[in-house]
Amino acid sequence: MSEPFNTWQSRLEALRSNKIFEGVVIAIIVISALVIGAKTYEETSRFEQWLMYLDVGVTVFFLVEILIRMAAERDLRSFFKRGWNVFDFVIVTASLIPLDDSEMVLLARLLRIFRVLRLVSMIPELQMLLVALVKSIPRMGYVALLMFIIFYIYAAFGSFLFAEVDEFLWGNIATAMLTLFRIATFEDWTDVMYATQEVYAWSWIYYLTFIFLTAFIFLNMMIGIVLDVMQKESDKQALENGEGDTAELHNMHDDIRRLQTQLDRMEASLSASQTHETPKSIDKQSPD
């Protein structure tokens with residue numbers, strides 16, 4: 001019994017690793033996303049029955065696909081050791097909630113939306129991007145805290161000075177912070193500046209310094225953090241795939257070749273110097 005079981009397990013493992021099978025899974029995920037989007041249009045109400053059949057077919061396909069991946073594992077526990085497998089299992093299991101007129105219909109529809117996220121678990125590059133984004137959040141938190149301090153200072157300053165100009169935009173520190181967020185996103189910020197400039201001609205300094213800090217410095221700091229984490233994740237993935245070791249071996253081979261070339265040159269120069277010195281020593285030892 002063990003030999004047929006191992007044969008089927010090997011076949012399922014080969015199917016799981018097959019690029020065509022992965023392409024079909026990605027295509028079904030895209031179709032599932034299109035079905036969810038189509039249900040939001042009133043024009044598709046006449047095709048509601050067909051869309052329901054298609055949704056059931058997609059759900060069955062995902063169930064079969066996750067069972068194939070689980071059966072292809074040598075040990076079922078190793079399947080759940082990988083976070084993306086657990087994520088796929090939860091999404092597929094949640095998709096089994098029936099779409100009927102029960103109280104769970106809204107929850108079922110919302111959970112089906114998350115099936116689109118299975119694209120992340122199928123494409124390693126998207127996994128790297130998402131992992132890098134999650135890992136960069138703690139470091140971005142400190143930048144966000146510093147941004148909040150700058151926002152708070154500028155909001156307090158603006159509410160004290162510009163409240164009499166426009167009570168709606170600068171009436172208190174909360175509305176002033178919302179106004180500053182509008183300015184930071186460049187949403188008609190010049191209209192706000194021109195209104196205050198009619199009373200305070202120097203107020204352009206207030207806006208330009210705020211935009212310089214938020215839009216240029218802090219935004220670039222955020223981008224730098226994400227790029228740094230992405231580079232580290234890319235190097236880590238390359239090492240896991242063996243690409244880093246290969247590159248390191250190539251560098252070592254290049255260093256060895258350069259050292260060998262230098263040694264050959266040194267040996268050649270020593271040989272040449274010994275050749276020139278030998279006749280001189282013979283002349284010195286020969287009698288007059």
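Out of curiosity, is LEU63 within 17 Å of THR93 (Cα to Cα) and surrounded by fewer than 16 Cβ atoms within 10 Å (Cβ to Cβ)? Lay out the reasoning, then the answer.
Numbers: within 17 Å of THR93 (Cα to Cα): yes; surrounded by fewer than 16 Cβ atoms within 10 Å (Cβ to Cβ): yes.
Spelling it out, LEU63 is indeed within 17 Å of THR93 (Cα to Cα) and surrounded by fewer than 16 Cβ atoms within 10 Å (Cβ to Cβ).
Could you check, for the range 166-179, whether at least one of its residues is small (Gly, Ala, Ser), closer than 30 Å to PRO138 by Cβ and touching a Phe, Trp or Tyr at 6+ places or on another chain (Cβ under 7 Å)?
Quick first cut of the range 166-179, residues small (Gly, Ala, Ser) only: 171, 174, 176.
After this cut, where a residue has to be closer than 30 Å to PRO138 by Cβ as well, the list is 174, 176.
If we keep only those that are touching a Phe, Trp or Tyr at 6+ places or on another chain (Cβ under 7 Å) as well, we get 176.
Yes, the range 166-179 has at least one match.
Given the condition open to solvent by less than 90 Å² (accessible area, probe 1.4 Å), on the phi < 0 side of the Ramachandran plot and within 31 Å of the chain's Cα centre (by Cα), answer yes or no: does some residue in the range 155-169 qualify? Let's see the steps before the verdict.
Kept after step one, since they are open to solvent by less than 90 Å² (accessible area, probe 1.4 Å), are these residues of the range 155-169: 155-156, 158-159, 161-163, 165-166, 169.
Keeping just the survivors that are on the phi < 0 side of the Ramachandran plot gives 155-156, 158-159, 161-163, 165-166, 169.
Still in the list and also within 31 Å of the chain's Cα centre (by Cα): none.
No, the range 155-169 has no match at all.
Test TYR142 against the stated conditions and say whether it is open to solvent by 80 Å² or more (accessible area, probe 1.4 Å), within 28 Å of MET230 (Cα to Cα) and without any contact (Cβ under 8 Å) to a residue 24 or more places away in the chain. Can you show your working first?
On the way: open to solvent by 80 Å² or more (accessible area, probe 1.4 Å): yes; within 28 Å of MET230 (Cα to Cα): yes; without any contact (Cβ under 8 Å) to a residue 24 or more places away in the chain: yes.
So TYR142 fits the description; yes.
Kindly indicate whether ARG74 is charged (D, E, K, R) and in a helix (DSSP H, G or I).
Details: charged (D, E, K, R): yes; in a helix (DSSP H, G or I): no.
Taking the combined requirement at face value, the residue does not satisfy it.
Scan the range 74-98 for residues that are surrounded by 17 or more Cβ atoms within 10 Å (Cβ to Cβ) and out of contact with any Lys or Arg (no Cβ under 9 Å at 6 or more places or on another chain) and jot them down.
Correct list: empty.
Which residue is modelled with the highest pLDDT, if the candidates are limited to the range 77-110 and must be of a type in the set (Ser, Thr, Tyr) and not in a loop (DSSP other than H, G, I, E, B)? Lay out the reasoning, then the answer.
Applying the first criterion (of a type in the set (Ser, Thr, Tyr)) to the range 77-110 yields 78, 93, 95, 102.
Subsequent filtering for residues that are not in a loop (DSSP other than H, G, I, E, B) retains 78, 93.
Numbers: SER78: 78, THR93: 81.
Only one residue fits best here, namely THR93.
Which members of the range 198-227 meet the condition of being open to solvent by less than 60 Å² (accessible area, probe 1.4 Å), within 15 Å of TYR142 (Cβ to Cβ) and free of Cβ contacts under 8 Å to residues at least 12 places away in the same chain?
If the condition is that a residue be open to solvent by less than 60 Å² (accessible area, probe 1.4 Å), within 15 Å of TYR142 (Cβ to Cβ) and free of Cβ contacts under 8 Å to residues at least 12 places away in the same chain, then GLY224 is the only one that fits.
Hey, among ILE153, ILE113, ILE137, which residue is in a helix (DSSP H, G or I) and more than 30 Å from THR93 (Cβ to Cβ)?
Matching residue, one of ILE153, ILE113, ILE137: ILE153.
How many residues does the range 170-187 hold that are outside any helix (DSSP H, G or I) and either open to solvent by less than 80 Å² (accessible area, probe 1.4 Å) or at pLDDT 90 or above (or both)? So that I can check it myself, show each step before the final result.
Going through the range 170-187, the residues outside any helix (DSSP H, G or I) turn out to be 171-172, 185-187.
When the remaining residues are screened for being either open to solvent by less than 80 Å² (accessible area, probe 1.4 Å) or at pLDDT 90 or above (or both), the result is 171-172, 185.
Counting residues in the range 170-187 that are outside any helix (DSSP H, G or I) and either open to solvent by less than 80 Å² (accessible area, probe 1.4 Å) or at pLDDT 90 or above (or both) gives 3.
Within the range 134-165, count every residue that is closer than 16 Å to ILE223 by Cβ and among the β-branched types (Val, Ile, Thr).
So the first thing to find is which residues in the range 134-165 are closer than 16 Å to ILE223 by Cβ, and the list is 135-137, 139-144, 146-147.
Within this subset, residues satisfying the condition of being among the β-branched types (Val, Ile, Thr) are 137, 143.
Qualifying residue count for the region: 2.
The values are calculated or read from the model by the stated rules, or taken from the named source; none is laboratory data. A quick note: this is a predicted structure, and the numbers were derived from the prediction, not measured. In this analysis, Cβ positions are derived from the backbone assuming ideal geometry, glycine residues included, and neighbour counts consider all displayed protein chains. Heads up: the accessible areas ignore ligands, DNA and RNA and are worked out on the full protein's heavy atoms, side chains in. Shrake-Rupley method; radii C 1.70, N 1.55, O 1.52, S 1.80 Å.
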